[in-house]
Structure formats: C-alpha cells, structure tokens
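Before anything else, here's the structure in question.
The values are calculated or read from the model by the stated rules, or taken from the named source; none is laboratory data. Here the structure is a predicted model, which means the values were calculated and not measured. Every residue, glycine among them, receives a Cβ derived from its backbone with ideal geometry; neighbour counts consider all protein chains shown.
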Amino acid sequence: MNGDTTITGTIAHLLTPAERRHWRLAWLSTVDHKRIGILYMVIGLAFFVIAGIEALLIRLQLMVPNNTLLGPDTYNWMFTMHGTTMIFLVAMPVLFGIMNYVLPLQIGARDMAFPRLNALGVWLVPFGGILLHFSFLASGPPAVGWFAYTPLSETPYSSQSGVDYWAISLLVLGIGSVSAGINFIVTVLTQRAPGMTLRRLPLFSWMIFMNAFLVILALPILNAALVMLLIDRLLDGRFFLPFGGGSPIMWQHIFWAFGHPEVYIVAIPAFAILSEIIPVFSRKPIFGHEFVAASTVVIVILSLLVWAHHMFTVGLGHTVDLFFVAASVLIAVPTGVKLFNWSATMVGGRVRFTTPMLFCLGALLQFLLGGLTGVSHAMAPLDWQTKNSYYLVAHFHNVFVGLIVFAILGGIYYWFPKMSGRMMSERIGKWVFWLMTIGFNLTFMIQHVLGLAGMPRRTYTYPDLPGWGWMNMVSTIGAFFMTAASILFVWDLVRSLIRGKPAGDNPWNAWTLEWATTSPPPHENFDALPPIRSRRPLWDYANPDRPDPVVPVGGAIDTFRPEKNAAGVITFIISEAGFFGVLILAYLFYNATPQSGPGGRELDVWKTAIFSVCLFASSFTIWRSEIAERTGNHGKMKAWLVATILLGGIFIAGQGLEYWTLFQHGVTVGLNLFATTFFTLTGFHGLHVCAGLIALMIVLGVAFSRAFKRGPLPALGPVALYWHFVDVVWVFVFSIVYLWPLIQ
Amino acid sequence: MHMQLWSATLLIADVVKVFNPQSPQARAIFDLAIVAIVVMGIIFAVVVGIVAYALLRFPRWREGERDPEQGAGNKKIEIVWTAIPLLIVTVLFVLSARTMGISDPPPPPNPDIVVTGHQWWWEARYLKSGATVANEIHIPVGKALALRLDAADVLHEFWVPELGRKMTTVPGHPNHIWIQADKPGTYLGFCSEFCGTQHAWMHVLVVAEPQEEFQKWEQAQLVAAASPTGGNAQKGLALFQQMSCVNCHAIKGTSATAQVGPDLTHFASRKKIGAGIVDNTPSNLRRWLRDPQEVKVGVKMPNFKFTDEQVSDLADYMETLK
C-alpha cells in the first residue's frame, strides 16, 4: 500500500504508475470495466445526495399538518425529481456499477465485451442527469410524478419545459441503459473464461445475465413512450390528448409495460447481491441453486405480463383486471422461492454477522414485508382501496429502500475491499446498519397505516385529521435517522479509502473468481485462473478434500459462445424490435377506428411501393457484398456496398418526397391521429435507415482505406445484419400503413 | 355485528378509515383484507421462523473453524414451497374475483349522479332532479346510487375510504362506481390521482342522510337563488353580474350560467371553501374573495383585486345563497 493518506493520493493508487501523473484524465478516458463500475457508483452516489435532500424536504414539509415550508409547486417538483432521480440516476447507475465491476471478474473475463460502448453508457448518465436538473435553471422542474401521467404531462396542463427536460433526459438514460444491457448479455455469452459454462455461472452473474434481457426488452418501451410524449408536446401530436381522439390510458399501458419490468430491473440485481452474500456468510452454498436460478427466469417472463396491475383503478373492466390479478399473484411464487431459499441457506450454516451479511438479512426481512404488501396490491379489490395512498408509498419503499438500498449497501461493504484493496470499518458499518434499519422502519412502517387512514400520496399537505399529525411526525423523524446513516456511510467510504485495513485478495473467504485476483485487480483482471469445474472454483481450490460436485457440461447451449459483434447486433436488434413493436401497436390501436381527416387510403401506395422495392433490393445487394467479402473479391464487395447505399438513399429520397407532398396538402404531425402515428412510425423507420446508411458509409470508407485493401472486413457482417432488420421493419410498416387500408 | 366487533377490536376505526367500512361494497373489501392479513401474517411468521431457527439453532461462525456441511438443497422441499404458495395465490385469486363482483357490481344503464373531476374541485350533477353541486355529495342512507365518473381536464381519482373502492376519472373514458352508506354521517373523500398544483386540496364530502332529509336537501338545491332586496347583498349581486364572476360561475335565478367553476346557487349551505382547504366561514369567504391565491395557491380563480367594499358586498350576497 502506498503511504499517501489524501483522497487524491488514494484515488491515484487505484491507477497504474504510468497513469498517476494524469489521474483525472485516466479516470475520464477509461474503458476498464472496473473503473467504469466505480464511476457509475460515484455518479449514482452524487445523485443520491440530491435525491436524498429532496426526500428530506418532502418529509420536512409533511412533518406537521397544514405546513407551509414548501409551496405546492415546489413540493410537486420535489417528489417528481426525487422519484425520477432515485430510480434512473441512483438505483440503476449504482447497480450497473456493481454489475460492471463484478460480472466480468466473476466469469473470469478480462473486460466487458465492448469496453468503449461501456464508457459511452456511463457518461450518458451524468449527461442525462444534468439535462434533467438543468430544468431547475430553465422554467422549473417537471411536476408530474415519475410516471408523468397524461394528459397532465401534456402541453395544455404542463406548458413549461420541465416535462421536455424530463423526457429527453430519460431518453438519454434509456439509451445508455440499453447499451449496458447489450454489453452485459454479450459479455456473458462471449467473454467467459474457459470452463465457465452457462450452468457454472455463479448466481450473481446468472441473475445479471437474465436481468440484462429485461433491460433490453423494457427500456425501449420507455423510449417509445417518451418519443410519443415528446411528439405530442413539441410537434402538436395527438397520442395522449383526449380531445382529438388520443388516449391517456394508452400512456399508462406503455409506461407500465416498461415500468413494472423496471422494478425488477432494479430488484433482480438486489436479489443477485443477496444470493451472493448470504451463502458466503453462512459458509454454505446457496440452498437450491437451480431453483433460485430458474425462479429468476420465471420472474423475468412474468414481469413483462403484469403491467396493468398499476391500472386497476383506471377502469379497464373486471375481465382485464382479473388477468392481471392472476399474473401478478403468480409472481409471488418465484419470489417466495427466493426468500425461502435464502432463509434455508442459513439453516445448518455458521452465520457470520459481518456488515454485508447484516444488510442482506435486513433486506431479506424488509423485502418479505414489501413482497407481501405487494401481493395485497395484486389483489385488485384491495388495490382499489390502497392504491395511490401512503400504503402504496410504504410498499414500494419497502422494495426500493428495504430491499434495494440495503442490498446495495451490503454489496458495497462486500466488494469495497476488492475495489480499493482496503476494508471498510466493521464498527462504523454496524452503526450505519442499525441507524438505517431504525430509520427506514420508522419512516415507512407507519406509512402503511397512514395510507389505510386515507392519506393520498403526492399531497403537499394534509388536514389535521385524528392520527395523521403524529404518524407523519414519526415518519419524518425516521428520515433523519436515515440521513445520519447515509452521512456516516459516506464518511466510512472516504475514511476506508484512505486508511482502511489492507484487504488481501480474499478477505471474506469467498468462492467466486473475483476473489482469485489481487485487490484491486490488475488492468486485465487475472494473471492466472484456477480450474473451473463447479460454481465455486475457489471453494474447490481451498478444499481439495471435499470439492463441490462437478457441474457437468450440458451441451450446445451450455457452452454457447457466439461471435461478439454479431451477438451485439442481434441483442441490439431485439431491443429495437421492442421499440418498433410499440410504435406499430400504437399505429394499429389509433387507426383501428375511422377518424375524420386524411387516413391511410390517401397515401400513394404505388409510388411508395417502388421506393420500397429499392429498399428490399438493398438487402439483396448487401448480401451479395457479404459473399464477395467472404470470397475475398474486394472490388465486387465495394461495388455491391455502393449499390446498397444508393438503393437506401433512393428510399430515403422517396420518403422525403412523400413527406413533402403531404406537407403541401397540409398533412402535418398534428393534423389528426393518423398523421401523428404515420409520421412517427415512418419517421423513426426513416431515421433508422439513415443510421444504417451512415454505418454503411463508414464500412465503405474502411473498405477503401489502406489497412483493408485485402483481407476480411469484419464490420460488414454486423452492419449487414442491422440493415436486414431495418428492411424487415419496413415489410411490417409497409403492410400495415399502405396495404392494410387497401383490403379494408 | 360480527364485522363491527372486528372494527372495535382494532380500536383504530376512527383513524384507519379503510378498516371502518360503512357500506356493503367497502365491507366486502374489508373482509378480503382480513383474509389477506391473516394469510400474509402466517407467511411472514413462517419465513421469520426459518430465519430465526437458522440463526439461533446453529453455532455462529468462528475464526479458523472448519466450514460446516455443504448441503446444496433438497428437491422435495423446493417442490413443497413452490406448490403451497401456488395453492395460496390460487385461493387469493378466487377470493379476489369474488370480492370484485360484490364490491364493484356492474353499472346500470343510467347513473344517478355524474361526478366530474376538475382542477381542483368536484362537480356532481343529479341526473333525475337536475341538481348541480360542488365538493359535497348528498346521498340517502342505505340506498346504493350509481355514479358516473368523468374528468374535465386531467386524471383525477374519486376515493371515499369508508365507502369503498377508488376510481380514476379519465377524460373521454367514463367510469362507474356505486356509492352507499349504511349510517347517516359525513364521509371525507379525496382525489387520489396526482392532478397538478392543488391535488392536495381536492376533497369531497359525502353526506349520508335519511331519505326524507335527502329529498328535502335535493329539492332545496333545485330552488333558484332569491334576489336580495336592498342592502349590501343587493350591491353584491349587481357586482357579481357585472364583474368576471359570471364567466365561470352559475347562480340559478341570475344571469350567471357558466359551467367552468363551481355552481354557487347554494354556496352558503356548503361546509367548506376551496374543495376542503378552509371552512366556509364569513371571514374565510372574505379572505378568499380578497385573494383566492392567498388561500389556495394556484387555484384557477385569479385575484380580482376587489376593494374592501366590493369584497364585503360580494360576501354579504354570497352568504344569502343558502
């Protein structure tokens, strides 16, 4: 350890000697997954301070009835920014940080599959966060709640720019999250150490792998919702405004189709942390590994099918409600399996009450309550009473704070020694734990009762009804305990970073690969890896007398290791399919009933058909180009590539011509719902064609550059894949927008 | 009787309104809640029991000691704790479905009252009689009335905890609920869907009274306002009709017929001003007229900068609107 006891000295210590002179630049320009992981966490922590202050202001305002500390608008800003910031700028970045740091180490990889994409993802977080907070300097932050229900979030009711900042910022963050999700999936698929089959993945890595699928499926749905809202707000679109035929309920469907999986996107990493830490400090492997792993798959699938349980009071009808009651109560089963297995892991173990273990125990019990109140919300009639009350506020904070924040704190106490080479203080850690536990339960336990007493959420003040005053007071006092815990935690971080005890490689006697290297690990993680034959390689290594049974290699899927770039593009295409899926569904929904003004019939099908043929033909030309590349015929390859670009260009020109004609006839985005949906769907397809064209031109430029005069052009395959996808989307769009009206 | 015993044993009926159901619809939900609480309580106890057993029954970890037996799970146990919860949620699903039917029966073709959420007040129109009121809904005791819920601007949500389910009011998507109270009384309700600046003060009072009293009240609501003869009140009426008041408010029997803000024909008979923010007292009324924004920031009624005399005349007039 170096003797420098300043914070910059310590930060510099995490770098290589060559980088220390330019340590700021080294951190800014890094593509190392470990540093990116730390950056994610530090950025998340910074926003945690902001969102925490907002929470305190909320609790101060609610401390006594009829309080006038904050005005209504200020209060409404505070809870909107608190919720948005905590979810998108605290929970997600901090968890992505832990995932980023631990996942490659745990699977024995040298780095993430796409280190530069990883750097893009992390820097989009402060970009999005600053955009969001810039609204404070513009006309004021959004005051619409974190789910921005329409029509309140539409221009007539929120005419200032706060909601625009909100939507654009979440779009930026959403794109960053998708890029991270793609990276996690491809990393697990392609970067695993030899012997690390999918079935041998430790539970943490397995759950992060599953979670990444949820990220790439759910976030594009949010992105689609956001662009639709922005089109409404900035281009006078009509998606969600009731006059003019739009549907406010549609916003809720789309938002929660993202929003509920989002809850699991931040909960599954917390499950993953618990699944990692509880066994280590029970000195036993997890009880029923396969069942915990499988329950995660079930949760991922079910979480995509339960969104309308957020909408039991919107009036969808009992039939629809019942479907979502069924799907939602079902999710309790795989979640219960997790809770039982974590608990059973401790049975027969030798429990070690370290700070990480305490946080995980707290998370287990608090999430138990949060999960059970979740079941009560899944039962529609109970939700009819408790929804939008403080009972709901208590429920989701039991999940977000009781489970997720506790798991994060446990995870940081657990992996900090690996990240810094130093231990955090067990003494301070226990103080943090108890202050946090007392504070959390004081704050939120009583809110269940407040909700049942009738207190609605998001009210800036309340009348002095029997019991309301003292219950809110208790809640506010709890918030101060949590503040004290947070300050103490940050202090412990800084203190330990400078003068924590040296950690050694494996301070907890843990069993997964991240502990098989130095703390902090060298730039490319490992000098040598132990043999991997089970899920706990270091246990096998340390206990040759009683190693874990070998996990047999289970065939092609188990050892599946696709080519990196193709895997990246295919995962990207899956996420894009979700985005277009929403736009296409919206088009079908809004054009199912006839409406006044122009519709699909007025479009010039034949002209567009000709341009479409050009686009479809370009799929053929790029295929020919790929064949030429494989056979080494560079001239042909370039010629076919040029043909592809030309055909794509003709298509875009055709689309431009069509738009121009429509504009000439007064058909603009805001004219009617057909125009709104038409321009949105074809416009986003056009944007993707343009992106594809740019990619093709870059490939062409590379093909002409000196370095690639001969030999293969690896970029062509993935770009061609993407180009085919854009064409396939057009098959759907053309059929629905142009052909469907013909047969109607 | 049985249910009242339940409530009494909870000793919190006065505070915890959801556990103090005052209608068959609310009671059905309450019954389900009790089942849920018992089931959840048992599950909670079982998991806490397993954790406590694990922590208390087995020795703690000691430095340097050999790690315990490395068990890896048990398929039978896994099946049991998958199957039993599956059974439990199936039962909860069936019970939920049953309760949905009881607590939220299908609506009749024609509602009794149309309730419309506005930023930030409630309008209620009695379709048969034609009475129009604001922020205070009277119902006859023991009779279920059908409500149609509409919204004039953004989403709102109608929720009277003691009387049953909440329901969002969605512009362009009418919803329906039933409302009923078994005992006479005044039940406080809220807007529970965030609807902008003054979401906090969008209360509604549901007043349940015996049939005859309700009929008397409804008849009284139909009577046009009498024009005051002489005094400040007459000046107040004149002022009301000259100033912008008539652009938003209606008073039956005068030239004011606008439907933008609350109907004021029987303003003085209401208990609250500003959808619950202050009591309807002479001094509060004067405060409101002097500057509504001072009483309820952001309310759609602007400050008309009336002189003290104008405030006094208007208030005198409005106090005649019994």
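Residues are listed down the side, and each one gets a yes or a no for (1) hydrophobic (A, V, I, L, M, F, W, C); (2) out of contact with any Lys or Arg (no Cβ under 6 Å at 6 or more places or on another chain):
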{"site": "A:HIS253", "(1), (2)": "no, yes"}
{"site": "A:ALA257", "(1), (2)": "yes, yes"}
{"site": "A:VAL266", "(1), (2)": "yes, yes"}
{"site": "A:ILE277", "(1), (2)": "yes, yes"}
{"site": "A:PHE281", "(1), (2)": "yes, no"}
{"site": "A:HIS289", "(1), (2)": "no, yes"}
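Report the residue count in the range A:170-195 for those that are in contact (Cβ under 8 Å) with a residue 60 or more places away in the chain and either of a type in the set (Asp, Glu) or not in a loop (DSSP other than H, G, I, E, B) (or both).
16
Also, I was wondering about something else. Could you say whether any residue in the range A:62-71 is in contact with a helix residue (DSSP H, G or I) (Cβ under 9 Å, 6 or more places away or on another chain) and in a helix (DSSP H, G or I)?
no
For the range B:73-97, name all the residues that are under 39 Å from the mean Cα position of the chain (by Cα) and facing chain A (nearest Cβ under 7 Å).
Once the filter is applied, which keeps residues that are under 39 Å from the mean Cα position of the chain (by Cα) and facing chain A (nearest Cβ under 7 Å), the range B:73-97 yields B:PRO85, B:LEU86, B:VAL89, B:LEU92, B:PHE93, B:SER96, B:ALA97.
Yes/no per residue for (1) assigned to a helix (DSSP H, G or I); (2) at positive phi; (3) buried (at least 24 other Cβ atoms within 10 Å of the Cβ); (4) in contact (Cβ under 8 Å) with a residue 12 or more places away in the chain:
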residue	(1), (2), (3), (4)
A:PHE444	yes, no, yes, yes
A:HIS448	yes, no, no, yes
A:ARG458	no, yes, no, yes
A:PRO463	no, no, no, yes
A:VAL474	yes, no, no, yes
A:THR483	yes, no, no, yes
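Would you check which residues across the range A:445-501 are of a type in the set (Asp, Glu) and within 14 Å of chain B (Cβ to nearest Cβ) and list them?
Listed by number, the list holds a single entry, A:ASP464.
Within the range A:291-323, how many residues turn out to be without any contact (Cβ under 8 Å) to a residue 12 or more places away in the chain and either within 18 Å of the chain's Cα centre (by Cα) or not assigned by TED's automatic domain parsing to the domain that holds A:SER389 (or both)?
Within the range A:291-323, residues that are without any contact (Cβ under 8 Å) to a residue 12 or more places away in the chain and either within 18 Å of the chain's Cα centre (by Cα) or not assigned by TED's automatic domain parsing to the domain that holds A:SER389 (or both) number 1.
With more than 38 Å from the chain's Cα centre (by Cα) and among the aliphatic types (A, V, I, L, M) as the only criterion, which of A:VAL605, A:VAL613 stands out?
Numbers: A:VAL613 fails: more than 38 Å from the chain's Cα centre (by Cα).
After ruling out the rest, the residue left standing is A:VAL605.
Sticking with this one: A:THR313 passes all but one of (1) in contact with a Lys or Arg (Cβ under 9 Å, 6 or more places away or on another chain); (2) over 30 Å from A:PRO151 (Cβ atoms); (3) not in a helix (DSSP H, G or I); which number fails?
Here A:THR313 meets the rest and fails (2).
So, in the range A:266-284, of the ones that are under 16 Å from A:TYR101 (Cβ atoms) and not β-branched (Val, Ile, Thr), which residue ends up surrounded by the fewest Cβ atoms within 10 Å (Cβ to Cβ)?
A:PRO269
When A:PRO334 is evaluated against the numbered criteria (1) in contact (Cβ under 8 Å) with a residue 60 or more places away in the chain; (2) within 9 Å of another protein chain (Cβ to nearest Cβ); (3) under 18 Å from A:ILE208 (Cα atoms); (4) not small (Gly, Ala, Ser), which criterion, by number, is the only one it fails?
(1)
A further question follows. Under 9 Å by Cβ, and 6 or more places apart or on different chains, what pairs join a residue from the range B:36-47 that is more than 8 Å from chain A (Cβ to nearest Cβ) with one that is of a type outside the set (A, V, I, L, M, F, W, C)?
Filtered contacts from the range B:36-47: B:ILE37/A:SER376.
Further, regarding this structure: So if I check each of A:PHE147, A:PHE136, which one is of a type outside the set (Val, Ile, Thr), away from chain B (no Cβ under 14 Å) and assigned to a loop (DSSP other than H, G, I, E, B)?
After applying the criteria, what remains is A:PHE136.
Let me ask another. Quick test of your reading of the structure: A:GLY371 fulfils all but one of (1) over 24 Å from the mean Cα position of the chain (by Cα); (2) more than 7 Å from every other protein chain (Cβ to nearest Cβ). Name the failing condition by number.
So the condition that A:GLY371 fails would be (1).
Right, something else. Would you confirm whether any residue within the range A:163-186 is surrounded by fewer than 24 Cβ atoms within 10 Å (Cβ to Cβ) and on the phi > 0 side of the Ramachandran plot?
no
Of the residues in the range B:269-322, how many are part of a helix (DSSP H, G or I), within 14 Å of another protein chain (Cβ to nearest Cβ) and small (Gly, Ala, Ser)?
Qualifying residue count for the region: 0.
Name the single residue that is nearest to B:PHE93 (Cα to Cα) among those in the range A:294-314 being surrounded by fewer than 20 Cβ atoms within 10 Å (Cβ to Cβ) and within 11 Å of another protein chain (Cβ to nearest Cβ).
Across the range A:294-314, the extreme among qualifying residues is A:VAL298.
Name the single residue that is nearest to B:MET202 (Cα to Cα) among those in the range B:224-243 being without any contact (Cβ under 8 Å) to a residue 60 or more places away in the chain and assigned to a loop (DSSP other than H, G, I, E, B).
B:ALA224
Scan the range B:244-257 and report the pairs whose first residue is closer than 16 Å to B:LEU314 by Cα and whose second residue is among the aliphatic types (A, V, I, L, M) and part of a strand (DSSP E or B), with Cβ atoms within less than 8 Å and a gap of 6+ or a chain change.
B:ALA256/B:ALA250
What's the number of the condition A:TRP539 fails, among (1) within 14 Å of another protein chain (Cβ to nearest Cβ); (2) in contact with a Lys or Arg (Cβ under 8 Å, 6 or more places away or on another chain); (3) in a helix (DSSP H, G or I)?
Every condition holds for A:TRP539 apart from (2).
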